[in-house]
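The values are calculated or read from the model by the stated rules, or taken from the named source; none is laboratory data. This structure is a prediction, so every number in the text was calculated from the model and none was measured. Ideal geometry is used to build each Cβ from the backbone, glycine not excepted, and the neighbour counts take in all protein chains shown.
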Amino acid sequence: MPNITLVPLLADGQFHSGQALANALGLSRTAVWKQLNRLQSLGLEVESVKGRGYRIPGGVELLDDGRVREALQPPARALLHELQLLETVDSTNAEVLRRIAAGTAPGLVCSAEQQTAGRGRRGRQWVSPFARNIYLSFSWEYHQGAAALEGLSLAVGVAVVRALSGLDVGGLQLKWPNDVLSGGTKLGGVLLEMAGDAAGRCQVVIGVGINVAMPTAAADSIDQAWTDLARLCGGTPPGRNALLAALLNELLPLAASFGDTGFAAWRAPWMALDAYADTPVVLSSGEQRQAGVARGVDERGALLLETTLGLQPVYGGEISLRAAS
Ligand code: BTN
């Protein structure tokens, strides 16, 4: 686990001598050096220049309860039950599921500087280095059963794109079921997990990961074409606290209204962002492959695949989609 006390001292991106850091923390220089090494092993680049000291190039913005709350709009503020900002956690989705099991009310929001076992779709790992990206999960409760929630993860994708475009990040698209793309490369993803009764009252964990400034070393373990906001914003991505608040401003009201609106209200906006509209694609699920032309989604959020047999709805789950080569 990183020792967070060193990070705020280096957060300004300026050089600090080893001695100044040691004095500020009441530690020996060796202890400071060990902490610096540990930060580097977490994927946080620390530059060392003889005679000047240490710095985190570009600085780092740690998650801050006050700054997130300050940027929340009244609807999101009213829907937020609890804001839990963690230094490190296995997975924010797993943490929210644990809190649901312990009886925490809907509207629990959890974000972390780092995930040690971030979960992606289809059993993949979600690469989650320290203090560089957004890992966000929150809970909501529904009474209509899991079937009524089929389009929820697609609607979440639309809300994420809206939050980002409010921060001047434009040109984003969605890939069914819920990847957030820029120029065909993946900027973020959505993972919904459920607890409770699939036929009645259930709690949903809505998990969102956004690459903000992915360190190159961490990116080595990403097994698909990726991008981050730093690349899309000329090296200056939005601050993570502003981004977290912008996401919550879109996502909490969406979650609260989805039980009434269903996916119908989100279908047209999703189609307008569809990166694969009218594109020949191949769907894979385990060993099975199905080729066709992607024709958007139906009113439940199923992908409409045009094959020689006609237009077939395909439901999410463990299916992946790629362009036909
Ligand atoms: C995908 O594979 O595209 C879904 C990625 C979802 C990642 C987010 S990060 C926050 C939340 N916690 C997790 O463990 N996963 C989701």
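Pick out the one residue from 70, 47 that is over 30 Å from residue 195 (Cβ atoms) and modelled with pLDDT of 95 or more.
70
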Suppose we keep only residues that are among the charged types (D, E, K, R) and either surrounded by 14 or more Cβ atoms within 10 Å (Cβ to Cβ) or without any contact (Cβ under 8 Å) to a residue 24 or more places away in the chain (or both) within the stretch 189-230. Which one would you say is farthest from residue 96 (Cα to Cα)? 220
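Counting only residues that are under 17 Å from residue 175 (Cβ atoms) and not in a loop (DSSP other than H, G, I, E, B), which one in the stretch 208-224 is nearest to the chain's Cα centre (by Cα)? Working first, answer last.
Of the residues in the stretch 208-224, the ones under 17 Å from residue 175 (Cβ atoms) are 208-211, 222-224.
Remaining after also requiring not in a loop (DSSP other than H, G, I, E, B): 208-210.
Values: 208: 3, 209: 1, 210: 4 Å.
Per the criteria, the residue is 209.
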Filter the stretch 134-151 down to the residues that are crowded, with 24+ Cβ neighbours inside 10 Å and modelled with pLDDT under 95 and list them by number. 151
For the stretch 231-259, which residues satisfy the criterion of being within 15 Å of the chain's Cα centre (by Cα) and among the aliphatic types (A, V, I, L, M)? 242, 243, 244, 245, 246, 247, 248, 251, 252
Quick one: which residue in 247, 283 is outside any strand (DSSP E or B) and buried (at least 16 other Cβ atoms within 10 Å of the Cβ)? 247
What's the number of the only condition in (1) surrounded by fewer than 16 Cβ atoms within 10 Å (Cβ to Cβ); (2) within 13 Å of the ligand (Cβ to nearest atom); (3) modelled with pLDDT of 95 or more that residue 95 fails to meet? (1)
Could you grab me the full set of residues in the stretch 116-158 that are free of Cβ contacts under 8 Å to residues at least 60 places away in the same chain and more than 22 Å from residue 252 (Cα to Cα)? 116, 117, 123
